[in-house]
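Q: Below is the structure I would like to discuss, written out as structure tokens.
Values quoted throughout were computed directly from the atomic coordinates according to the rules given, and no laboratory measurement underlies them. Just so you know, these numbers come straight off a predicted model, no measurement behind them. Cβ atoms come from the backbone with ideal geometry, glycine included; neighbour counts cover every protein chain shown.
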Amino acid sequence: MSFLSAETRKRAARLTGRRVRRSASVASASLLLSAALTGCAGSAKAGSDAVQASGSTTVAPVASDAAEALKAKGLNITVATQGGSAGGISQLGTGQIDIALSSKPLSEKDRKAYPDTDFVPTQIGADAVGVIITKEVADGGVKGLSKAQVAGLFEGRITNWKEVGGPDLPVFVYDKEPGRGTREVLDKFIYGKGEAPAPPKSANYAIVGGNLETRNKLKSTRGSIAPLSTGFIEGHPDLVAVPLDGVAPTLANVASGKYPMTRPLFMITNGKPKGAAKQYIDYVLSPEGQKLLPEHGYLTREQMGL
């Protein structure tokens, strides 16, 4: 039995009706907003203004800085480093990305693996790969290495730094994984067109991936050695790029080609660059974009005479 009057019950019913209608209006508005947002997301995707670039951890810092600079111009650019140079080329070949970042030239093997892809490389600059050792080893007497000594170290035949004039300290090798541009430059220096031998079976040998990982491993391991872009050790006085066969990786030696471990840096597209991808690459090639290379220890196209 209700203790409310008839008038009170009528007012309550009218209030409940208004609440129901207001809730329905809010729900309807929420649905409309959700649809609008979904539509906007779909439009952005359909606009194809987004550019995906992936690959070399050497090229990535320049590519990322350029992407950040172009945000103000409305370009949406994503930069990743999956699998290094080989990974970028593979992703471009399978249509997963728009631009492959590579610190190694395209090979015939790459082109044959993806016959339907029209690989078009654009060189944005150049880089020196160093044979990097710790300052402790350098201060202990290792002021340079010959090609034969580098081969002996990476093949596991030289196991103590005293064998090459350094301190009595075990050698720990951090080598790059196959397909990395850095690894290819090292192999070319040591073996020319010949095949590199299988990695040594040693507890003092490990495979690393990107440049940051390599640098961190070098800094945390006594007696370590690794191939690494010289730009990545700038500001890190505990790491040293040793001269190779008497030639140091100075700007002049790299630009002249005298230093033996110099490599080009590329942004690669499927066909000639167009649309947002062309805007992106054109910016990197512009005077403003080229200023990004020295900031990361790399050489510009002008410095390389391109």
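Q: Given the peptides 107-114, 172-179, arrange them by the average over their residues of other C-beta atoms within 10 Å, most packed first.
A: Values: 107-114: 12.4, 172-179: 19.4.
Highest-to-lowest ranking by the protection proxy: 172-179, 107-114.
Q: Taking a threshold of 24 Å on the Cα-Cα distance, which of the pairs LYS143/LYS188; LYS104/LYS258; LYS112/LYS193; LYS188/LYS278; LYS109/LYS188 fall above it? Kindly include the intermediate steps, with their values, before the conclusion.
A: Values: LYS143/LYS188 22 Å; LYS104/LYS258 18 Å; LYS112/LYS193 19 Å; LYS188/LYS278 32 Å; LYS109/LYS188 16 Å.
Cα-Cα > 24 Å for LYS188/LYS278; rest within.
Q: Another question about this same structure. Let me know the shape class of region 50-306, please: from the alpha-carbon gyration tensor, a ≥ b ≥ c as square roots of the eigenvalues, rounded when a/c is under 1.5, otherwise prolate if a/b is greater than b/c, or oblate.
A: Values: a/c = 2.10, a/b = 1.72, b/c = 1.22.
Verdict is prolate for region 50-306.
Q: With Cβ to Cβ distances under 13 Å as the rule, what net charge do the other residues near GLY271 carry (K, R +1; D, E -1)?
A: On the way: positive: LYS272, LYS274, LYS278; negative: ASP98, ASP116, ASP118.
With Lys, Arg at +1 and Asp, Glu at -1, the neighbours total 0.
Q: Also: If you take every residue apart from GLN290 with its C-beta less than 12 Å away from the C-beta of GLN290, what net charge results, scoring Lys and Arg +1 and Asp and Glu -1?
A: Working: positive: LYS291, ARG301; negative: ASP65, ASP282, GLU288, GLU295, GLU302.
Summing Lys and Arg as +1 and Asp and Glu as -1 gives -3.
Q: Let me ask something else. For ILE124, which sequence-distant residues (separation of 5 or more, or a different chain) have an amide H within less than 5 Å of its own amide H, given hydrogens modelled in the peptide plane?
A: For ILE124, the qualifying residues are LEU265, PHE266, MET267.
Q: Also, I was wondering about something else. With a cut-off of 8 Å between alpha carbons and a minimum separation of six or more residues, what is the relative contact order of region 50-306 in percent? If you can, show how the numbers build up before the last one.
A: Working: 515 pairs, mean separation 76.4, N = 257.
So the answer I get is 30 percent.
Q: Now a separate question. Need one number for region 101-228: average projected area of the convex hull over its C-alpha atoms, nm².
A: For the Cα atoms of region 101-228, the hull's average projected area reads 8.7 nm².
Q: I've got another one for you. Sort out for me the Cα centre separation of region 73-115 from region 170-225, rounded to whole Å.
A: Using only Cα atoms to place each centre, the spacing works out to 23 Å.
Q: Using the Cβ atoms and a cut-off under 15 Å, what net charge is assigned to the surroundings of PRO115, where Lys and Arg are +1 and Asp and Glu are -1?
A: Here the charged neighbours net out to -1.
Q: So what J values fall out for region 67-73 if you push phi through Karplus, 6.51 cos²θ - 1.76 cosθ + 1.60 with θ = phi - 60°, rounded to Hz, Gly and Pro as x?
A: 4, 5, 5, 8, 4, 5, 9
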